[in-house]
Structures are given as C-alpha cells and as structure tokens.
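These notes are about the structure you will find just below.
The values are calculated or read from the model by the stated rules, or taken from the named source; none is laboratory data. The structure presented is a predicted model; accordingly, all values stated were derived computationally and were not measured. As a convention, Cβ positions derive from the backbone with ideal geometry for all residues, glycine included, and neighbour counts pool all protein chains shown.
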C-alpha cells in the first residue's frame, strides 16, 4: 500500500457535544433577544431624563405608575412578538398588506421623523456620558457612530444581536446606584403597590410623559421585525412571548431603579428640577458619592449606544417593509441598498447633529414627543386590530382575554398619548 | 421589462378603476367600484370576471358580462337597469385589491420576491385581463397622490404577468388550489431561496405547490433549504410524508434532515424508509455532523481491482449517484481495503478489456470518519480534489466526500442567502 497518508490524525477535534450544564446556560442566554433589546432601548437618554426628573420631582410616589406602565408595555410587546412569529412579517408589511399603501406610508413617515429625532438625542447622550470623563464629543460621537455602523452593516444578525445584549449589561449600574443612594426600602415597597393620585397638572403631565417614553413605537416595530429576521418558529412562540414580556419587565425594573435612586437623593434633598440624564448623574454625586455619578454615566452610555443602534435598524426595517425593499441586518450594500443606505444616513445625520455645540436637545425632544405621540395611537391600533384578525393570525389570533386587555391598553395609552401631544402643542 | 408588445393595447391601472364611479349606460352615477375580481389558474392572462361595487351603502356584485366598459371615468354597465347580486367567491377567484395589491409575488424570471405596487389591466382578445404588475416606486406614488395628480404618473417598472406567480394562501376559498406551474422552471436552489425569503405561510404555499406536481422536485428543494427552514417545514408534517420526502434524497442529505427532526420522531421516520436507504442513513446518523463521517455520502462505486473496464463502466451506468458527483470509481484490493481510484474519464479512454489494476491511481489522500471539517476542507484544497474517500479502521471505504458538501459548509455566513444567485438581471 503506497497510499500517501495525509496528515489527518492527531489534530484536535471539534468539540462534539456541549456538556448539559453549558448547554442549559446557552439555552437560557439564547432566550434573550429582540424582546430584551427592544424594551431596554427605551431606557435611553430621553428615558433616563424623564425617569430622573420624575424621581426628583415626586419621589417614590410615582412608582406605582411604573407598575401599570409595565403591564401595558408587556402586553403590547407580547402582541408584537406574537405577530412576528405567526405571520413572519414585520408590522409595516402587515399594515401595508391589510390597510393599504397610504396608511403604511403615513406611519413610515412618522417613524422616520420621530426615530431620527430620538437617534440624535441618543448620540447626544453618548457624547454627554463620555463627556463626564472630559472626552470631547467630537471624539466620542464619531467613534461610537463608526462602531455602531460596523456592528449593523458588517456583522450578521446574530452577531449584532449578541452585541446588543452586551449593551444591556451597563443597565445593572442603576440598581447599584439606587442601593448606593440608601433609599428608604419600606417606603419604596409601599409606594409600589399604593396608588397615589395627585390632580395637579404637572403631575398628570409627568405621568403622561412617563407612559410616552416607556411605550415607544419603535420598540414594537423593532421587536416584530427582529423576531421575523431571527426566524423564530411557531413552536417557539411561548418562548418568544415570554422573552418579550421579560424584556419589558426588566426594562421597567431598571427604570424604577432610576426613579428610586433620584428619589432617595435629589427629591429628599430638595433638588426637584432635572432636565437631562447627564445632569442627573452630576446631581447625584454630592448625595450618593462619586461612584453613583460614574454608575449613572455608565448606564447612560450603554443605554444610548443600544438605542442609537436600534433606532436606525427599526427605521430601516419599516421603510424597507412598507416600500417592499430587501432588508436584513448584516446585508451588504449590493444586496439591500435601501436598507443599508437608510441606516448609514441616519447614523451620519444623527452623529453630525449631535456634534454641533449646544444642540437644543430639549426642544428637539419636545418635537419628537409630538410626532411619537401621534404615531403611537396609530401603531397600537394596528397592532391591536391585526393581532385579533383571523385573516392575519388564523388560529393564533388573540384570545378574548388578551384581546380585551390589549384593547384597554391601546385605548388608555392612546388617550394619554394624545393628551401629551395637546399639552405639548399648547405649551409651545 | 418593456411593455408586452409593440402595438400593446393601452394599459389601465387598477388604482384608477378601484374607487371610480359605477355608471349605467346613460352615464348616470349609481355607486362606486370597490374591487376587481379575476379568475386565476387558467392559461394566459387572468380575465376579469366581475366587480365588487357599493350601491347605496350596500356591497354587491356585478358580473363582467354586464359591464360594457371600464376606465378612469368609471365602470359602465351595459344596461340602464342595475341588477345587484350577492357576491360569493367562486373557486380560483381573487379580489385584485384585497388579495393581490400590496402583497408579495414571485417574480419567476428573476427568482425573487417583489411587491405589487400597482396592477395593470388591458383589453386583450375581447376581455379585460390582468397583464402585469408595477413593482417600482411610480406605481406606489400614483396611489399615494390624490387621483387628479396620480393619473399623470406613467407606468413604471412593468412586470409581465406571465413571469409572475401570486401567493393565494391568504385567500379564503382559493387556498392551495391554484397551481404555480412556473415554479417548476426554477432550479431547486432558487426555489429554496424563495422559500427562505418568504414568510412561513408563503413558504409553505411554495413548497405545497411544488410538491403537488413534482415530488422529486420537492425533495430537491428540501435538500437545498437551510437547516432552520428544513426543520420548520417538516415539523408539522406527518411522519409518512417526511419519510416520503426523505426517501427521495441522497443518503447524506437525508441524514442531515433526519438529524434536524425531534429525537422522538427520528426512529418512526427511519422505520418508514426503504430498507437499503434506511441502513445507509442510520449508519450516517452515527457520525458527528461536523466531521468527515457526517459530511460523507455512502453512495459510491467500489470495485475489485480485477474488474475489467467494460464492467466498471456498466457499474457507473447502473449507479444512481448524481452524474455531476460521480467523477471517479474506487478500486479495492482482495482483502477489501481501498487500493486507489480511477477517474471516470480515464475509464472511457481505456480499452474495455483492460483490468482496473492497470489504471488505478494509488497516490490518493484519504480521511477517517472522525476527521474534522477543517481537515477535510484543507485536504481537498491542497490536493485539488473534487471527491475524497473516507476509510474505517480496517482501511475499508465507508463513504465519499464530494466538493459540494464542503463548499456549502464553507460559504461565509450571509453568502448562502441570495447573494449573486438571486440578484436581478
């Protein structure tokens, strides 16, 4: 036998099977995905500013509202995930197919405007968070923009999703900051379960703003499209729904810790007016120590990075779906030109605007609030109607109980949203 | 992408018909046209069979035979009298606005999914028919603008209906009963790409349509699907159907598919396979899918080196290995161990009476079933091989790895899907 024996023996083999313990942990992590990412992107720069100012102004007494908002968000996110799994289509695509091109273009235009505004505010947030260490925005923002662009356009959906899950780790800074702030835990406990209604108009307005910043249209749009892109199968529906609900709960627990941290320090020391996330971080320092400032800064950075990455994707999904273009995270420009160009364009514009010194972030956010406030009822209404439609969902359409809960959520949230728009417009 | 013919009849946009007034023969306005009904399934361009109209707030049906003309000015009835009937869907009928417009279609020519932004109608052979769709932005823009402005927008990217297959799975009465004959013209890999790009329900429709006319093609499509979609579409099929599809696949692909099934289903499906197939598949299932054993196919031509060339060519003729993969026959020594190989071309050139031992090439690299994927790929690249034999501990040949298996696994993530293959034009 003169066969040339190829050098094939003695090489390390691929690990054949994972040990069951490791496999279990990986399965658990595998559960984390679009639901967690979508809901937590809501704890971005604008969100932190709202939660901080709620905590500073009214202390623990707003905590019970967060419980109601959590339930609403969980229902809405669950429905979006459900529709993604069952239909295999994004929300914008379903709106187009069931309600026609005019509705879908209206929603798309609103998404484009609102999301661009939020995206700018998140790049401002990145600059502010890094700015706490003295690094100028002209350095931090372009670097962040480049990194985000590379993750979205050069990676794959899976790798991008993994990175986004890592971005949620900094959120744990808030519970730690809250603990450092030495809150009165028994008061926290009672205020969570005890409704506390004040009829003063600033209080009502803040409640409305809390709901508006926690339940944002892009969360459902991103979630549904990402579930589709992830290719979740119908037998995995219970997992995906659980993930969406858990993501919503986690996001709001974090938000509540932001309220607790600021309530324990700023509220008790009489600092009631907070207008940005970075300001909240600086204001914490004298009461909760230097670390609280650092932790708030870290949280702000993680949250802003996450949202600054999610917003271009969500926007691009919506535009591509409603106009019928190729889409997909990780697609190259030749494959999905419109999808990639929208992402690139949004990142470029947002980063550029965020680098302008003294950008009027507050008035920008006010404008965003109005567009989002108009978009949210439209969005929620479609989610509600589509998820109960037998034509779209078949046997998986909402049960009477879920449908009723969704109906109430949609009506109440939409009403709050419209109140917010009216108040904002009147204040201008 | 031009208009269908040089002296093409004028094209009427669906959006200008829907919403236009319903008039009697005197031009009196009676109501509004809501939707256009066409019959699919026949050969040629689908004819309009009727209209859905609202008259005094009630929705009713007007048959196409009662209509004398349609156009931007409205749907004009033949008679002065209106005869309203209740609309009931007949088999193969779809509503153009409700069921086709704004939804996905298969562009068979480019093997990709497109969205119908506008549907184009024309008077052909005495009847109004659907002649194509507009997939470009112009069709969408026309419908966005107010009617008076939109009417000035010319037809954009016209796609002839002859190269389009609509999805009808969401249409209540037509479900699954419309064949998609044009799909059979596509390569299984292209069909698989369409299935992967479509939503689940649409993907199911494609596979059903393909399977209805050609079981063999259905199995080929399954071979080309990625693991995730294989699993998705096999999950809720009965075991017997899965076995039927799997039995039409090459053993190595069959093993991959069975490996994707839930553990408790594997044995039942295996038991339903033909015996010879089952033995091969079961043997392959014993190997790690990431190693040579999991990549190889147990189908190859192995003959003793005393065989004459004429008999060897006969064996090649009888073999059911795909022609493009059967590039060499293998020769074994009397003790059963592998001696070497002979390219099929060399057999053809040789004298039929010659024995294989005179032709056999001894210097060939081989692999063990537990060789890692990297080793397989590196070996085939280094030696410029299109196939490489896999031997067990006793030097007996148990399988062959062909270049297609390796190439598929080596494609970078993201390349497998659509890139190049489905790019338009």
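Residues of the stretch A:332-365 being within 14 Å of chain B (Cβ to nearest Cβ), in contact with a helix residue (DSSP H, G or I) (Cβ under 6 Å, 6 or more places away or on another chain) and either within 30 Å of residue A:279 (Cβ to Cβ) or outside any helix (DSSP H, G or I) (or both), which ones?
A:333
Determine whether the stretch A:108-119 contains at least one residue that is part of a helix (DSSP H, G or I), closer than 24 Å to residue A:312 by Cα, within 14 Å of chain B (Cβ to nearest Cβ) and touching a helix residue (DSSP H, G or I) at 6+ places or on another chain (Cβ under 8 Å).
Yes, some residue in the stretch A:108-119 is part of a helix (DSSP H, G or I), closer than 24 Å to residue A:312 by Cα, within 14 Å of chain B (Cβ to nearest Cβ) and touching a helix residue (DSSP H, G or I) at 6+ places or on another chain (Cβ under 8 Å).
Inspect all residues belonging to the stretch B:279-286 and state whether any of them is part of a loop (DSSP other than H, G, I, E, B) and free of Cβ contacts under 8 Å to residues at least 60 places away in the same chain.
Yes, the conditions are met somewhere in the stretch B:279-286.
Here is a check on your reading of the model: is residue B:114 assigned to a strand (DSSP E or B), touching a residue at least 40 places away in the same chain (Cβ under 8 Å) and surrounded by 22 or more Cβ atoms within 10 Å (Cβ to Cβ)?
So residue B:114 does not fit the description; no.
Anything in the stretch B:295-331 that is outside any loop (DSSP other than H, G, I, E, B), out of contact with any helix residue (DSSP H, G or I) (no Cβ under 7 Å at 6 or more places or on another chain) and touching a residue at least 12 places away in the same chain (Cβ under 8 Å)? List them, or say none.
Passing the criteria: B:302, B:304, B:308, B:310, B:315, B:330.
Kindly state which helices (runs of 4 or more DSSP H) lie completely within the stretch A:40-106 and contain at least 2 residues that are within 22 Å of the chain's Cα centre (by Cα) and under 18 Å from residue A:225 (Cβ atoms).
By residue number, A:63-87, A:91-99.
For residue A:100, which of the numbered conditions (1) crowded, with 21+ Cβ neighbours inside 10 Å; (2) facing chain B (nearest Cβ under 10 Å) fails to hold?
(1)
Only one of these conditions is not met by residue B:162: (1) part of a loop (DSSP other than H, G, I, E, B); (2) over 23 Å from residue B:69 (Cα atoms); (3) more than 14 Å from every other protein chain (Cβ to nearest Cβ). Which number is it?
For residue B:162, the failing item is (1).
Could you say whether any residue in the stretch B:374-388 is on the phi < 0 side of the Ramachandran plot, modelled with pLDDT of 90 or more and not in a helix (DSSP H, G or I)?
Yes - at least one qualifying residue is present in the stretch B:374-388.
Being in a loop (DSSP other than H, G, I, E, B) and within 14 Å of chain B (Cβ to nearest Cβ) is the filter here, so list the residues in the stretch A:182-237 that pass it.
A:231, A:232, A:233
Answer yes or no: is there a residue in the stretch B:196-215 that is without any contact (Cβ under 8 Å) to a residue 12 or more places away in the chain, within 11 Å of chain A (Cβ to nearest Cβ), in a helix (DSSP H, G or I) and out of contact with any strand residue (DSSP E or B) (no Cβ under 9 Å at 6 or more places or on another chain).
No: zero hits.
Taking only the stretch B:340-376 into account, find how many residues are within 12 Å of another protein chain (Cβ to nearest Cβ) and closer than 15 Å to residue B:400 by Cα.
14
Just to be sure before I move on: is residue A:261 more than 14 Å from every other protein chain (Cβ to nearest Cβ), crowded, with 24+ Cβ neighbours inside 10 Å and closer than 29 Å to residue A:113 by Cα in the structure I sent?
It is false that residue A:261 is more than 14 Å from every other protein chain (Cβ to nearest Cβ), crowded, with 24+ Cβ neighbours inside 10 Å and closer than 29 Å to residue A:113 by Cα.
Listed residues B:156, B:139, B:132; which is touching a strand residue (DSSP E or B) at 6+ places or on another chain (Cβ under 7 Å) and assigned to a loop (DSSP other than H, G, I, E, B)?
When all the criteria are applied, what remains is B:156.
Could you please find all residues in the stretch B:218-238 being more than 14 Å from every other protein chain (Cβ to nearest Cβ) and within 16 Å of residue B:258 (Cβ to Cβ)?
B:219, B:222, B:223, B:238
Out of B:157, B:88, I need the residue that is farther than 19 Å from residue B:19 by Cα, within 14 Å of chain A (Cβ to nearest Cβ) and surrounded by fewer than 18 Cβ atoms within 10 Å (Cβ to Cβ). Which one?
B:157
Which numbered condition in (1) in contact with a strand residue (DSSP E or B) (Cβ under 8 Å, 6 or more places away or on another chain); (2) closer than 22 Å to residue B:250 by Cβ; (3) surrounded by fewer than 19 Cβ atoms within 10 Å (Cβ to Cβ) is the only one that residue B:371 fails?
Failing condition for residue B:371: (3).
Give the stretch B:106-121 a look and list any residue that's within 24 Å of the chain's Cα centre (by Cα) and within 10 Å of another protein chain (Cβ to nearest Cβ), or say none.
B:112, B:113, B:114, B:115, B:116, B:117
Looking only at the stretch A:292-301, decide whether some residue is surrounded by fewer than 22 Cβ atoms within 10 Å (Cβ to Cβ), farther than 30 Å from residue A:102 by Cβ and either modelled with pLDDT under 85 or within 14 Å of chain B (Cβ to nearest Cβ) (or both).
yes
So which residues in the stretch A:332-352 are touching a residue at least 40 places away in the same chain (Cβ under 8 Å) and buried (at least 19 other Cβ atoms within 10 Å of the Cβ)?
Hits for the stretch A:332-352 are A:340, A:343, A:346, A:347, A:350, A:351.
Scan the stretch B:42-58 and give yes if some residue there is part of a strand (DSSP E or B), within 14 Å of chain A (Cβ to nearest Cβ) and more than 21 Å from residue B:163 (Cβ to Cβ), otherwise no.
no
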